[in-house]
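Since the structure comes first, as C-alpha cells, the remarks are kept for the end.
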Amino acid sequence: MVTAITQQFDLFIEGKIGPALSGKYFDAINPSNGEVFARIADADTIDVQMAVSAARLGFDHGRWPQMGFAERGEFLLKIAALIRENAKELADLECVSSGKTIKHTTFIDVPTAAETFEYFGNLSGNLINETMSHSAPVLSIVEREPAGVVAAIIPWNYPLIMTAWKIAPALLVGNTVVFKPSPTACASVMFLARLAAQAGLPKGVLNIITSSRPQAGQELVSSPEVDMVSFTGSTKTGEAVMAQASKGIKKLTLELGGKSPNIVFADCDMETALGGTLSSIFMNQGQMCTAGSRLLVEDKIYKEFTEKLVARAKNLKIGPAKNFETEFGPLVSIEHRNTVLKFIEKGKQEGAKLACGGQIPDINPKGAYLEPTIFINVRNSMSIAQEEIFGPVLCVIPFTSIDEAIHIANDTKYGLAAMIWTKDLEKANKVASRLRCGTVWINTYGVFLNEVPFGGYKQSGFGRELGLAGLLEYSQIKHIATDQTPGGKSLVSSWF
C-alpha cells in the first residue's frame, strides 16, 4: 500500500521521463488524511511547448501515422499488459490521490483502463475507407486520416479510465498526443507515463505533462501546432476551451457536465431501483459527470421509496479510502468539499428539506469527508436541482405522470445521461426515446462499453468517446477523385 512517504513523478516528453525545466514540483495530497504522499513535476509553458513540438515532429516526420492499425495496436497491447502487471500500485495511487475507495480502484478503474487499451489494440484493419457510387465518370474514394497532433485534457474524478479513453483511440488512428491530466489526483496517470515509456513508443508519439498553472493548459489548447483538442471537464471550463480552440479553428470534442435524471416508476423492482439509485449518486462520492443527482420518483411510491433510500444512505460505511471495508470515502479535496457544502446551504435556503447527511463526519479532521446527503421537497427550478454539484448530494422530486417525468427530466441545460427503473420495458423504451441525452440506462446504471459511444447533448458537450464513433472523432475525412472519362480527357479540361 502506498504510504505517506513522498514519491516523485516527472513529465514524459519525447520518449523520456524527466523534471520540468524549472525544477519545480507541486504536492499530491491524500484526501483521506490530508498528508502529502508525492511530488509531481510542475510544467510551465516552455515544457508545454516542448511537448507539443515533440508531438508535431513525431507526426510530421515520424513513422507513426504511416503504420498500420495492427502495428500501432501492438504498442497499446504492451501498455495494457504493463497496466495489469502493475495493477496493485496503480490501484493504490488512484485510491490515495482521489479518495476513491480501494475496492473501486482495484475492481473498476485499473481493469477498465487495461481493457480499453486492449480493445483498441486488438482492432484490425484500417479506418473506414469508402468507394462512392455515382453517375459521374470519376472514381471517388473517401478516406479517413489521423487528425494530427491531439491535445487531450481530463479532470480528476476518473484519471486512469479517462486516460485510456482518450489515448488509446487517438494513438490507434495514427495521431500523436500531448496529454494533460488535472493537477489534482494525477499520480496514477504519471505512473502510467512510466509504463508508456517502458512500452517503447516512438519518440514524441505520446507526451504526458502535469501542471498546477492555468497558463499551461491555455498554451496547450491555443498552440498553433495542435490540430485537435479532446477535453473532458466542467461546462464552464469547456466554454473557455472552446473559445481558445476557436482562434485556431481546431477540431474539438467536449465531454462536459451533467445533471442526470434518475426516473423511478411505481412498477419498478424496488430493491433493484434502491441499489441502483445509491450507486448512481454515491459511487465515487457522487463525483461523476453521469451521477443520477436528480431522483424523480412516481408519487405512488414516493414516501416508501424515499424512506428506504434515506435509511440505507445513513448506513453507508464512511472511512479512509484505502480500507477495503469502506463504502464511502472522502471527497477529492477539502476545497471541493467546501464548494459542495455551499450548495447544501443553498438548498436549505431555497426550501428543500434535508432528509439525511450534509455534515462533516468525525473521522479525520484533515480528511475531506462529507456525509451522503439527500434532499426531499425539491423543486426542479432550485439551484441544487439545476447546477452540477459534483458531490454526494441527491435531490428527490415527485412526479405523477409519464409526461411530467419526461418534462422534468429534460428541464435542464445538460443532457449527458438518464436512468429509468420499471418492469414495463415498452414504457421504458418510449420514455428513453423522448429524453434529450446521450445515454439512457434502463434498470441499471453506469454501463460503459468500449464498443459503444458515450457523450452528451446540449451543454453536456459534443463528440463521442469509445466505440467506432469515438474512434472516428480522432480522424479527418479526405475525398480523392480520379477521372475515368473514356479517352482520359475530363470535361473540365475543355472548359476554357
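The values are calculated or read from the model by the stated rules, or taken from the named source; none is laboratory data. None of the values given here were measured: they were computed from a predicted structure. Positions of Cβ are backbone-derived with ideal geometry, glycine not excepted, and every protein chain shown enters the neighbour counts. Each accessible area value is taken on the protein alone, full model and side chains, heavy atoms only, with ligands, DNA and RNA left out. Shrake-Rupley method; radii C 1.70, N 1.55, O 1.52, S 1.80 Å.
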Inset, instruction - Counting only DSSP beta bridges with both residues in the stretch 115-238, tell me the antiparallel percent, nearest 5. - result: 20 percent
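So if R0 is 22 Å, what FRET efficiency would residue 138 and residue 494 give, r being the distance between their Cβ atoms, rounded to the nearest 0.05? Display every interim value, and only then the final one.
Values: r = 16 Å, r/R0 = 0.72.
Efficiency at R0 = 22 Å is approximately 0.90.
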Inset, instruction - Give the carbon-plus-sulfur fraction of the accessible surface of the chain in %, rounded to a whole number; probe 1.4 Å, heavy atoms of protein chains only. - result: 53 percent
Legend entry - Cα pair distances of the chain binned at 20 Å [whole percent]: 23, 52, 22, 3, 0
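Near residue 56, within a Cβ-to-Cβ distance under 13 Å, what is the net charge of the other residues, with Lys and Arg +1 and Asp and Glu -1? Could the numbers behind the result be given before it?
Details: positive: 203; negative: 14, 60, 225, 227.
So the surrounding residues net to -3.
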Legend entry - Cα→Cβ-extended label distance, 7 Å offset, between residue 339 and residue 124, nm: 4.6 nm
Legend entry - Diffusion constant of the stretch 207-283 at 4 °C, which comes from Stokes-Einstein with the Kirkwood Cα-pair radius and 1.567 mPa s, µm²/s: 84 µm²/s
Legend entry - Gain upon complete extension [residue 249, residue 477; 0.36 nm per residue less C-alpha separation]: 80.5 nm
Inset, instruction - Express in Å², to the nearest 10, the accessible area of residue 382 obtained by rolling a 1.4 Å probe over the protein heavy atoms while all chains stay in place. - result: 0 Å²
Inset, instruction - Go ahead and collect, in residue order, the members of the stretch 180-204 whose backbone nitrogen is under 16 Å from a label point 7 Å along the Cα-Cβ direction of residue 24. - result: 183-184
Legend entry - Shape metrics for the stretch 296-376, restricted to C-alpha atoms - Rg then Dmax, Å: 14.0, 43
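Can you tell me what share of the DSSP beta bridges in the stretch 270-420 is antiparallel? A percent to the nearest 5 is fine.
On the way: 3 of 12 bridges.
So the antiparallel bridges in the stretch 270-420 amount to around 25 percent.
How large is the helix-only mean residue ellipticity at 222 nm for the chain, computed as the sum of -39500 (n - 2.57) over DSSP H runs with n ≥ 4, divided by its residue count, in deg cm²/dmol to the nearest 500? List each step's numbers first, then the result.
Working: 15 runs with 178 residues, N = 496.
Result for the chain, helices only: -11000 deg cm²/dmol.
Would you be so kind as to identify all helices of the chain, as entire DSSP H runs, whose Cα atoms reach 15 Å or more along the helix's own axis and whose mean Kyte-Doolittle hydropathy is at least 0.5? Before the final figure, lay out the partial values.
Details: long enough: 45-61 (23 Å, 0.39); 69-85 (24 Å, 0.45); 87-98 (16 Å, 0.16); 110-121 (17 Å, 0.14); 159-173 (22 Å, 1.55); 187-198 (17 Å, 1.24); 235-246 (16 Å, -0.17); 270-282 (17 Å, 0.87); 302-314 (18 Å, -0.83); 334-349 (22 Å, -0.92).
Counting only whole DSSP H runs, the qualifying helices are 159-173, 187-198, 270-282.
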Legend entry - Beta bridge orientation in the chain: antiparallel %, DSSP, nearest 5: 45 percent
